[in-house]
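Report on the following structure.
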Amino acid sequence: MKTLKEYFQEIKLAKKAIGHFNFSTADQLRAFVEVAVELNVPVMVATSEGEAKFVGYEQAVALVKSWQDKTGHPIFLNADHHKSWETAKAAIDAGYDTVLIDASKMPYQENVELTKKVVDYAKSKNPDMMIEGELGYLRGESEVQAKVEIKPEDYAKPEEARDFVEKTGAERLAIAFGNIHGITTEQDMHLDLDLLGKIVEVVPETNLVLHGGSGLLDNEVSDAIKRGITNVHVNTELRMAYHDALVKQFTSEPNQTTPYKFLKPSYEATKEVARKKLELFTR
Ligand code: 13P
């Protein structure tokens, strides 16, 4: 099996992106795996700190490993937005394939130091392990919100990107360039593709990650991929599909108490969203 790094090398050359989907239930994970196998594309699945707390670090690793073993398909488990040394280390120790150490809210120097510490630890355990860092302030939560204010100072700075990558050894970089987490109902979100272009110029070898893949226009996501994004994270649209199907299910059959029956529409709705996203990222 090729490493995640090798899959990123291939996807970069092809000017496509690897999809990254968050889960906190076994049926969401199953939906992502089945769609990735069906479309024959690599996939990253992930737990945030909150999702990992609910699922369990060792349990998330065991679940993903069971799918890796069963399918032989490239499925990689990421610890998404892990914000401290303790949680990043817990994910690495549990056997996650990769980690996003998100110290973007810290002062720049502290972000550099913590990211480097996680990169060094990960490499000491497995030299092939790729670590992601984050620059800029990505506002919002993975839920539906009316508006999310974005300030120009939140954006990732090209002059920091080169320095950050050199000092930390991070091989994927999450950047804020107009994206937010979640979906807004009273605001259109737009990506600053010129800023993306400037960052690509200074760190051409780094895999740039688009977070907040929900609620963006498909053509902007495609343009961002053509301009150098190689990884797109999606959570809110998947959560909404799961939630909305569940509400509909309980409305139509309030007395259904068998989880594998009342969860089936949610699992199917999740597959549909994941399929559309993977098709968009690899077209
Ligand atoms: P959305 O919830 O906006 O899709 O963002 C997810 C994300 O970036 C997870 O890292």
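The values are calculated or read from the model by the stated rules, or taken from the named source; none is laboratory data. Computed from a predicted model, the values in this text were never measured in an experiment. Backbone-built Cβ (ideal geometry, glycine too); neighbour counts: all protein chains shown. When the accessible area is computed, the model is the full protein with side chains, heavy atoms only, and any ligands, DNA or RNA have been set aside. Shrake-Rupley method; radii C 1.70, N 1.55, O 1.52, S 1.80 Å.
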> Name the pairs: first residue in segment 1-25 and basic (K, R), second residue within 16 Å of the ligand (Cβ to nearest atom) and open to solvent by less than 10 Å² (accessible area, probe 1.4 Å), Cβ to Cβ under 6 Å, at least 6 apart or on different chains?
Replying inline: K5/M130; K12/T230
>> Please pick out the residue among A176, A170, A156, A161 that is within 13 Å of the ligand (Cβ to nearest atom) and closer than 15 Å to A103 by Cα.
In response: A176
>> Any residue that is of a type outside the set (K, R), without any contact (Cβ under 8 Å) to a residue 12 or more places away in the chain and out of contact with any His (no Cβ under 9 Å at 6 or more places or on another chain) - is there at least one of those in segment 222-229?
In response: no
> Can you name the number of the only condition in (1) touching a residue at least 60 places away in the same chain (Cβ under 8 Å); (2) in contact with an Asp or Glu (Cβ under 8 Å, 6 or more places away or on another chain) that G72 fails?
Replying inline: (2)
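To keep it simple, each residue is scored yes or no on (1) open to solvent by 50 Å² or more (accessible area, probe 1.4 Å); (2) under 22 Å from N22 (Cβ atoms); (3) among the β-branched types (V, I, T).
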| residue | (1), (2), (3) |
| --- | --- |
| G136 | no, yes, no |
| E143 | yes, yes, no |
| E149 | yes, no, no |
| D163 | no, no, no |
| K167 | yes, no, no |
| L173 | no, yes, no |
| I180 | no, yes, yes |
| D188 | yes, no, no |
> Is it fair to say A90 is over 19 Å from V209 (Cβ atoms), within 16 Å of the ligand (Cβ to nearest atom) and at pLDDT 95 or above?
Replying inline: no
> How many residues does segment 75-100 hold that are under 23 Å from R30 (Cβ atoms) and among the small types (G, A, S)?
Replying inline: 4
> Residues in segment 84-93: is at least one in contact with a strand residue (DSSP E or B) (Cβ under 9 Å, 6 or more places away or on another chain), over 23 Å from R239 (Cβ atoms) and of a type in the set (V, I, T)?
Replying inline: yes
> What pairs come up if the first residue lies in segment 99-121 and is without any contact (Cβ under 8 Å) to a residue 12 or more places away in the chain, the second is crowded, with 23+ Cβ neighbours inside 10 Å, and their beta carbons are under 6 Å apart, counting only those six or more places apart or on different chains?
Replying inline: none
>> Among the listed residues V202, V209, identify the single one that is at pLDDT 95 or above, among the aliphatic types (A, V, I, L, M) and either more than 18 Å from V234 (Cβ to Cβ) or out of contact with any strand residue (DSSP E or B) (no Cβ under 7 Å at 6 or more places or on another chain) (or both).
In response: V202
> Where in segment 1-92 are there helices (runs of 4 or more DSSP H), lying wholly inside it, with at least 1 residues that are open to solvent by less than 10 Å² (accessible area, probe 1.4 Å) and among the small types (G, A, S)?
Replying inline: 26-39, 49-55, 57-71
